[in-house]
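Everything on this sheet refers to the single structure shown next.
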Amino acid sequence: MKLKHRLNRACIYTKDIQRITGKGERQSRRLLKQIRIYYNKSRHQLVSIGEFCEYTGLKFDEVLPHIIG
């Protein structure tokens, strides 16, 4: 799959998770929190797209179109 857009960020946000999973805001925030706990990150640390993919078992190529737009 060729994408014309270039990904210009490395972290994932709640809104991205909502688009990818179809879950609501609270569930998406909860998932982001679970990923932070899994990777032993502090509350202020960001979760990378790669960490999200590894944790959920989704492939980067499947996630990317939802993040770009």
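The values are calculated or read from the model by the stated rules, or taken from the named source; none is laboratory data. Predicted model, so just to flag it, every value in this text is computed and none were measured. A quick note on method: Cβ atoms are made from the backbone with ideal geometry, for glycine too, and the neighbour counts reach across all protein chains shown. We work out accessible area using only protein heavy atoms, side chains counted, and drop any ligands, DNA or RNA first. Shrake-Rupley method; radii C 1.70, N 1.55, O 1.52, S 1.80 Å.
Values as computed for the structure displayed
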item	result
Candidates 43, 19, 29, ranked by Gaussian network fluctuation over the chain, Cα under 10 Å, top entry	43
Around residue 51: net Lys/Arg minus Asp/Glu count, Cβ-Cβ under 11 Å	+1
Radius of gyration and Dmax over the Cα atoms of the chain, both given in Å	11.8, 35
Extension reserve of the residue 39-residue 11 stretch, reckoned as 0.36 nm per residue once the Cα distance is removed	8.7 nm
Solvent-accessible heavy-atom area per residue, rounded to whole Å², over segment 17-69 at 1.4 Å	70 Å²
Apportionment of accessible area to carbon and sulfur, the chain, percent (1.4 Å)	47 percent
Residue among 39, 55, 13 with the largest mean-square fluctuation in a Gaussian network model of the chain, springs linking Cα atoms under 10 Å	39
Virtual spin-label span in nm between residue 64 and residue 29, 7 Å along Cα→Cβ	3.1 nm
